[in-house]
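What follows draws every value from the coordinates through simple rules; no lab data is involved. Small disclaimer: the values here were computed from a predicted structure and weren't measured. With ideal geometry, Cβ positions are generated from the backbone for all residues, glycine too; neighbour counts draw on all protein chains shown.
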């Protein structure tokens with residue numbers, strides 16, 4: 001992988017904390033950022049497009065890419081439901097002269113920070129609380145009661161990882177969180 005001086009900005013959070021909304025906001029404000037599209041073996045949702053939201057593949061195809069060493073990091077989040085960062089994404093983005101911005105789960109964020117060290121700014125987006133997180137996830141209407149319960153349990157565990165990130169961004173007010181993220185990213189890029 002060739003790095004032409006590019007940096008990495010990593011956003012991680014429990015599902016529903018608002019990291020994707022913040023990342024989209026940052027992409028609209030910084031031309032020098034490019035989104036790293038993750039790979040996943042989960043089913044594609046009706047509104048998702050291949051290569052834009054994720055690279056979708058079967059669990060078997062994902063495991064073959066793991067064995068081939070094609071991932072910077074990966075995780076089996078739920079049984080046969082993998083997520084990971086392809087090395088080819090980094091090569092593509094750095095070759096374009098841009099900095100990479102990630103929207104990844106908490107374990108992926110910790111692993112990417114370890115891999116890139118000082119070349120990366122890792123930001124943990126924290127919801128104001130589990131009750132607020134449950135409300136946000138219910139409003140999405142994408143979860144069954146069983147999957148909602150699993151996500152909330154996982155979120156409580158993921159909150160304990162915040163200490164492994166460079167910054168903690170509490171998303172209790174989206175406009176304020178976006179402005180704070182913008183300031184942190186600008187400072188990191190310019191350093």
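Pairs of Cα atoms nearer than 8 Å and 6+ residues apart set the relative contact order; for the chain it is 32 percent.
Counting only DSSP beta bridges whose two residues both lie in region 8-190, roughly 30 percent are antiparallel.
A straight line joining the Cα centroids of region 15-68 and region 150-171 runs 19 Å.
Here 46, 41 are placed in order of increasing Cβ neighbour count within 10 Å, fewest first, which gives 46, 41. With helices as the sole contributors, the chain gives -13000 deg cm²/dmol at 222 nm; each DSSP H run of n ≥ 4 counts as -39500 (n - 2.57), and the sum is divided by every residue.
Order the peptides 148-159, 48-59, 7-18, 98-109 from the highest to the lowest mean number of other Cβ atoms within 10 Å of their residues.
Highest-to-lowest ranking by the protection proxy: 7-18, 98-109, 148-159, 48-59.
Sorting 142, 160, 85 on the 10 Å Cβ count, fewest up front, what's the list? Before the final figure, lay out the partial values.
On the way: 142 12, 160 9, 85 24.
Ranked by crowding around the Cβ, least crowded first: 160, 142, 85.
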